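Here's the structure we're looking at; comments come further down.
The values are calculated or read from the model by the stated rules, or taken from the named source; none is laboratory data. Every value quoted in this text rests on a predicted model; they were computed, and no experiment measured them. Neighbour counts run over all protein chains shown; Cβ positions are idealised from the backbone, glycine included. Accessible surface areas use protein heavy atoms only, side chains included; no ligands, DNA or RNA. Shrake-Rupley method; radii C 1.70, N 1.55, O 1.52, S 1.80 Å.
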Amino acid sequence: QQQVKQSPQSLIVQKGGISIINCAYENTAFDYFPWYQQFPGKGPALLIAIRPDVSEKKEGRFTISFNKSAKQFSLHIMDSQPGDSATYFCAASYYGNKLVFGAGTILRVKS
Amino acid sequence: EAEVAQSPRYKITEKSQAVAFWCDPISGHATLYWYRQILGQGPELLVQFQDESVVDDSQLPKDRFSAERLKGVDSTLKIQPAELGDSAMYLCASSPREGGRDAGELFFGEGSRLTVL
């Protein structure tokens, strides 16, 4: 049972463009929604996270938009750079436990 | 910068053999997780420890997998016997404490990639 559904599976963006990755969830008990970035051969690393009491969080070029009523959240990468090429995972957890991940999005930024 | 240490980085074994993976979390992190990541998929939780106690092992195939964290610090994940379908990356992660605002910030190691022939 996939608790967090992520799309698209892969994404190609031109340098300087905006990358958008979407996730949807079912469990309304989830209260923490992080995004992880993973480079080949490395473990995932926390990129940015949001809690459902806010609708948007921005850190540098990365922004999470959160729609509680629709049970959806998305990652926007502004001014995408080749160094952003990686696999991105959305995730969700309840009270900090049992983080469940989406299937991942492979992002390629073309220079 | 503190890191989660894992070993070995790579392991090739034949099916029916036993394999073991070791993890040393960031010092002071009470919660330790083992995740399995099949190529092209997101990580899936196998087991979660709070100190030396198992908090969640509902997804751990207990007929062949075992995990321990005897002194509440480092941890070992064992597979016996290994099967072809066990080929995956085994990721260890730690977090400062269970529950609360910071517990969702997992710090992952670089993983142990297992290939079962």
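Normalised by the number of residues in chain A, the average gap of Cα pairs under 8 Å and 6 or more apart makes the relative contact order 38 percent.
Under conditions of 37 °C and 0.692 mPa s, the stretch B:47-95 yields 281 µm² s⁻¹ as its translational diffusion coefficient, taking Rh as the Kirkwood radius over Cα pairs in the Stokes-Einstein equation. Label sites at A:K5 and A:E56, each approximated as a point 7 angstrom past Cα along Cα to Cβ, lie 2.6 nm apart. Projecting the Cα atoms of B:L39, A:P8, B:S75 onto the dipole axis of the protein assembly as shown, where Lys and Arg carry +1 and Asp and Glu carry -1 at the beta carbon, places A:P8 farthest toward the positive end. Seen from every direction in turn and averaged, the convex hull around the alpha carbons of chain B projects onto 7.0 nm².
The modelled label-to-label distance between A:L46 and B:S16, using points 7 Å beyond Cα along the C-beta direction, is 4.5 nm.
Residues of the stretch A:16-41 with an amide N closer than 15 Å to a point placed 7 Å from the Cα of A:K71 along the Cα-to-Cβ direction: A:23-32. Total lysine pairs in the stretch A:20-111 at Cα distances under 27 Å, for residues eight or more apart or on different chains: 14.
Averaged over peptide A:43-56, the number of partner chain Cβ atoms lying within 10 Å of each residue's Cβ comes to 3.
Ligands, DNA and RNA left out, the accessible area of the stretch B:18-66 computed with a 1.4 Å probe is 47% carbon and sulfur. Interface area, chains B and A: about 1700 Å² of buried accessible surface, summed, with a 1.4 Å probe and ligands, DNA and RNA left out.
Using only the C-alpha atoms of the stretch A:1-65, find the volume of their convex hull and express it per residue in Å³.
Considering the Cα atoms of the stretch A:1-65, their hull volume per residue is 123 Å³.
Legend: mean number of C-beta atoms from other chains within 10 angstrom of residue C-beta atoms, peptide B:27-34, equals 1.
Of all DSSP-defined beta bridges confined to chain A, some 90% are antiparallel rather than parallel. Surface listing: B:E110, B:E14 arranged by accessible area from highest to lowest gives B:E14, B:E110, probe 1.4 Å. A 1.4 Å probe run over chain A, with the rest of the protein chains in place, finds 49 Å² accessible per residue. Per residue, the solvent-accessible area of chain B (1.4 Å probe, heavy atoms of protein chains only, all protein chains present) comes to 49 Å².
Evaluated at q = 0.16, 0.17 Å⁻¹, a Debye calculation over the C-alpha positions of chain A (equal weights, vacuum) places log10 I(q)/I(0) at -0.66, -0.74. Within the protein assembly as shown, the proportion of Cα pairs with more than 30 Å between them is 24 percent.
Which peptide among B:47-57, A:54-64 comes first, and what is the full order, when sorted by highest mean count of other Cβ atoms within 10 Å?
Working: B:47-57: 16.9, A:54-64: 14.0.
Taking the mean over residues of other Cβ atoms within 10 Å, the ranking is B:47-57, A:54-64.
Say the dipole of the protein assembly as shown comes from +1 at the beta carbon of Lys and Arg and -1 at that of Asp and Glu; which of B:L106, A:A92, A:Q81 then lies farthest toward its positive end? Ranked along the dipole, the leading option is A:Q81.
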